[in-house]
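These notes are about the structure you will find just below.
The values are calculated or read from the model by the stated rules, or taken from the named source; none is laboratory data. This structure is a prediction, so every number in the text was calculated from the model and none was measured. Because the Cβ atoms are built from the backbone with ideal geometry, glycine has one as well, and the counts that use them run over all protein chains shown. SASA here: full protein model, heavy atoms, side chains in, ligands and nucleic acids out. Shrake-Rupley method; radii C 1.70, N 1.55, O 1.52, S 1.80 Å.
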Amino acid sequence: MPLHLHQPQQRQVFICDQQAIYAMGCSQLVKAHPMCNGYRMLTSLDDLTGFEIGLSEGLLIIDCAIFDFESPAVKKKIHSLQQVFPFIILLNEDTPDFVLYQLIVLEVDVIVSRNMSSQEWNKAVEMACQHKVYFCQHTAERVLKLTQDMDKI
């Protein structure tokens, strides 16, 4: 009798990014990943309403610039998304440290930099789908620096 390995469930990926060039590059990585089954490009989180897909079938990739971290509603928005989708937050080179700090406080599982390697990309997808914490190397270095710069995080 052949041994069957458990195949991870494939997911519909939603790429919510205001930077079209990066979103297109992201879509190429999604197409190549075995856990991903198609993608949709969104320019706003409001475009998510109406999709009958959730925690077990979807994966959301979000540009952190989509969120207004000055707004008190941002915490509620991120928490509501965490109830529906596993997601990956993309940091930009110029993302302020206070945004990274807020993402950590909000217990976002996967926070990565746009300049991560394709191996880090693949790991980020797997960890997000398993609801595990993951930072790419660049983000991990920023987090370490943050912890050194602040009394407590």
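What the table shows:
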item	result
Loop-resident sites, region 86-142, for trypsin sites (Lys or Arg not before Pro), counting at most 13 other Cβ within 10 Å (DSSP)	LYS132
Structure-based [θ]222 nm, the chain - -39500 (n - 2.57) summed over DSSP H runs of at least 4, per residue, nearest 500	-12000 deg cm²/dmol
Label selected from (1) 130; (2) 170; (3) 185, the criterion being volume of the Cα convex hull per residue in Å³ as computed here	(1)
Region 61-120: GluC sites (Glu not before Pro) falling in loop per DSSP and having at most 12 other Cβ within 10 Å	GLU70, GLU93, GLU107
Neighbourhood charge, 14 Å Cβ-Cβ cut-off, centred on VAL30 and excluding it, Lys, Arg +1 and Asp, Glu -1	+1
Over 22 Å (Cα to Cα) - which of LYS77/LYS145; LYS77/LYS132; LYS31/LYS123 fall in this group	LYS77/LYS145
Under 14 Å, Cβ to Cβ, from GLU126 - net charge with Lys/Arg +1 and Asp/Glu -1	+1
Per residue accessible area of the chain, 1.4 Å probe, in Å²	58
Partner aspartates and glutamates for LYS76 [C-alpha distance under 19 Å; skip if fewer than 8 residues away on the same chain]	ASP46, ASP47, ASP63, ASP68, GLU107, ASP109
Percent accessible area from carbon and sulfur atoms, region 66-116, protein chains only, probe 1.4 Å	53
The chain: angle of helix 118-129 to the longest principal axis, Cα-based, in degrees nearest 10	80
0 to 90° range, to nearest 10: angle between helix 137-149 axis and the chain longest Cα axis	30
